[in-house]
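Read the structure below first, then the notes.
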Amino acid sequence: MDKFEKLTGIAAPMPLVNIDTDMIIPKQFLKTIKRSGLGKNLFDEMRYDQNGNEIADFVLNKPAYRKAEIIVAGDNFGCGSSREHAPWALLDFGIRCVISTSFADIFYNNCFKNGILPIKLPKDQVDALMEDAERGENARITVDLESQTISASDGTEIHFDIDPFRKHCLLNGLDDIALTLEKKSAIETFEQAYQARMPWV
Amino acid sequence: MTAPQKTGPKTLYDKIWDAHVAHQDADGTCLLYIDRHLVHEVTSPQAFEGLRMAGRPVHAPDKTIAVPDHNVPTTLDRANGIENEESRIQVEALDKNARDFGVVYYPVDDIRQGIVHIVGPEQGWTLPGMTVVCGDSHTATHGAFGALAHGIGTSEVEHVLATQTLIQKKSKNMKVEITGQLQPGVTAKDITLAVIGATGTAGGTGHVIEYCGEAIRSLSMEGRMTVCNMAIEGGARAGIIAPDETTFEYVTGRPHAPKGATWEMAEAYWRTLFTDEGAEFDKVLTLRAEDIAPVVTWGTSPEDVLPITAVVPNPDDFEGGKVEAVSRSLDYMGLKPGTPLTEIPVDTVFIGSCTNGRIEDLRAAAAILKGRKIKEGMRVMIVPGSGLVREQAEAEGLADIFRDAGADWRLAGCSMCLAMNPDQLAPQERCASTSNRNFESRQGRGGRTHLVSPAMAAAAAVTGRLTDVREMM
Ligand code: SF4
């Protein structure tokens, strides 16, 4: 997993609420057995018409946002299916950070496993960043994970909260499995006692 | 470090959580031990690949159960193989991974194959008090047994395969109580949709919902699975129902349920799985069963729920970001505000999925279809949730009722619930569906989905429009 330290980039505004994982990556692209290559189909049905041509007024098709690395989104981003293809597609497109008032639980978790930083902020701050993002290339936003701050294009600083363990893993690009396997003996001790208590499991 | 256990009265969720904490860090992050890991072909290939690359084995292959369901064709001739190349590769990858890593496996040609959330309970893999995970959001279904069951992403699938644990922080407790008794024609599906209508799709976010109350207690296991199945549509991490006699009766004699003295021991433990008097919930919702009518969804979010007697709403009735979302969804759905829901014609009916693909669902549909014909020109697909459900429906004569009515009676799989297989809606095709998601293009690009109960779906099949099933009872 790539580290996430500091990112300065263009933010794309997507004010729609309840953007679900079927919108992020429609199911016909879940048939892959790989993690890569999904970026071209990110938001496929919003981005392309039935003949595969780009829909000009979809935000990521506009010249100003084609290289966006941040999405500022409406409430409850990432609801729906558990597909990790959603963060894989975002990442493959080049999105490293999503900002919203709220995220669906599974999607939120999945982001951290893939080096994407999801940031939850109060409504007024998301609204302000949304407005900033509307200004396209003129508005580069900086996200600094170490100091937990977002700097808007006018220099305003916004603080965000994040779970310390997740921050640590993201900053260092740490793999969960390796971390957990360090505790293997604790797991095995638990397993033995548990099996004795509940032999039917 | 061992886990500090919650003292004082506990909720059912607290109890199951405490029993499974294998390790706890100072910040409250836990390694939660996983009792059952269910696996399907869509969300697992990258996880098995990760294990291969790191040279890691599956920690507990006998607790890992794999079955292909999303991509499998449901036509009677599917033994001829899967035509779509990518689908075939995904199913073949699961075949190979299951064999290479030695996990329990039900291949496509096994009579026990079916939707993973139907197969688990049916085979007795899902038991009260367990932790159950799967790379699939509808894992919440298994909560009907008093198990803590939730969906995980593919990285977590790999984590569970490698360690039999999951890194977790505890969720909050939410109680959803349904008091009283359901009216005739109202089902578990209507309860679960009504709850989402009341809370919204984010109402349960960060919470585990315990469903309780007289109406829930009166449901069969099939009905309880329907209720828990859609906990995720309300944003909850999991839905859970305390086990009782109904649960024990369902579990008894299942292939992987405990037997003899071990059963006695298990049952004694299961009887301790309830929320203690005085335990606190972070959030509470109470609905009266008498107030719940047969419902349908009109939009493209499961929270877009109304009683069948209502009319299509107006975007102006809503607030904030929802105004735009509602205009967009009415546009997508091709609906005009003010239209009575019962005047909406449908082209297609889909009865199946992990929400409503069990025997009781098929019985409910058959009760309406018996002695009736589906409306001419309608496409009606009835898809059992597993090979065993199909076998039982044949034995009970339900299959004959479906065939006589003119419906298409198929083999087990996810089918038109998500259209990863050939069963799909065409653009603008309108479907009354017993599945769980009405998102844009969920059932096929441009397809329009109205979520309903199996009885309501069967009624629509007869009339060719959304219909109040109570008129046909
Ligand atoms: S039936 Fe539908 S919701 Fe259930 S597992 Fe299959 S695709 Fe998912």
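Candidates A:125, A:32, A:74 compared by Cα position along the dipole of the range A:6-197: farthest toward the positive end lies A:32, with charges placed on Cβ.
Label reach from residue B:75 (point 7 Å along Cα→C-beta): in the range B:420-461, amide nitrogens under 11 Å belong to B:422-423. Peptide B:149-162 has a mean shielding of 6, counted as Cβ atoms of other protein chains within 10 Å of each residue's Cβ. If you count Lys pairs in the range A:6-197 whose Cα atoms are under 22 Å apart, skipping same-chain pairs closer than 8 places in sequence, the total is 17. For the residues of B:234-244, the average number of beta carbons from a partner chain within 10 Å of their own beta carbon is 1.
Summary of the geometry: the range B:109-146 and the range A:117-181, compared by the centres of their Cα atoms, lie 37 Å apart.
Rounded to the nearest whole angstrom, the semi-axes of the ellipsoid equivalent to the range A:6-197, taken from the Cα gyration tensor as √(5λ), stand at 32, 22, 14, largest first. So for the range A:6-197, taking the charge dipole from beta-carbon charges (+1 Lys/Arg, -1 Asp/Glu), which of A:10, A:63, A:170 sits furthest toward the positive end? Of A:10, A:63, A:170, it is A:170. Between residue A:61 and residue B:280, the modelled labels are 5.2 nm apart [label points 7 Å from Cα along Cα→Cβ]. With a Förster radius of 22 Å applied to the C-beta separation of residue B:86 and residue A:48, the computed FRET efficiency comes to 0.75. Computed with the Debye formula from one identical point scatterer per Cα of the protein assembly as shown, without solvent, the log10 of I(q)/I(0) at q = 0.06, 0.07, 0.12 Å⁻¹ comes to -0.31, -0.42, -1.36.
The contact between chain A and chain B removes approximately 5400 Å² from the accessible area (both sides summed; 1.4 Å probe; ligands, DNA and RNA excluded).
How large is the dipole of the protein assembly as shown about the Cα centre if only Lys and Arg carry +1 and Asp and Glu carry -1, each at its Cβ, rounded to the nearest 20 debye?
780 debye
Of the GluC sites (Glu not before Pro) found in the range B:79-166, the ones in coil according to DSSP and having at most 14 other Cβ atoms within 10 Å of their Cβ are B:83.
Within the accessible area of the protein assembly as shown, the carbon and sulfur atoms contribute 50%, probe 1.4 Å, all protein chains present.
DSSP beta bridges confined to the range A:6-197 are antiparallel in about 50 percent of cases.
I'd like the orientation of helix A:184-197 relative to chain A: the angle between its Cα long axis and the longest Cα principal axis, in ° from 0 to 90, rounded to 10. With rounding to tens, the tilt is 60 degrees.
With a cut-off of 12 Å, note down the residues of the range A:103-126 whose backbone N falls inside the zone around a label point 7 Å from the Cα of residue B:169 toward its beta carbon. Within reach of a label on residue B:169, which here means backbone N under 12 Å from a point 7 Å along Cα→Cβ, the range A:103-126 contributes A:109, A:120. Per residue of B:318-326, other chain Cβ atoms within 10 Å of the residue Cβ number 3 on average.
For the range A:6-197, a crude dipole built from +1 on the beta carbon of Lys and Arg and -1 on the beta carbon of Asp and Glu, taken about the Cα centre, is about 680 debye to the nearest 20.
Per residue, the accessible area of the range B:249-325 comes to 52 Å², computed with a 1.4 Å probe over protein heavy atoms only. In the context of the full set of protein chains, the range A:6-197 has a per residue accessible area of 40 Å² (1.4 Å probe). This model, with +1 at the C-beta of Lys and Arg and -1 at the C-beta of Asp and Glu, gives chain B a dipole about its Cα centre of some 100 debye.
The values are calculated or read from the model by the stated rules, or taken from the named source; none is laboratory data. From a predicted model like this one, the values you see are computed outputs, not experimental measurements. Positions of Cβ are generated from backbone atoms using ideal geometry, with glycine treated the same way; all protein chains shown enter the neighbour counts. Just so you know, the surface numbers come from the protein's heavy atoms only, side chains and all, with ligands and any DNA or RNA stripped out. Shrake-Rupley method; radii C 1.70, N 1.55, O 1.52, S 1.80 Å.
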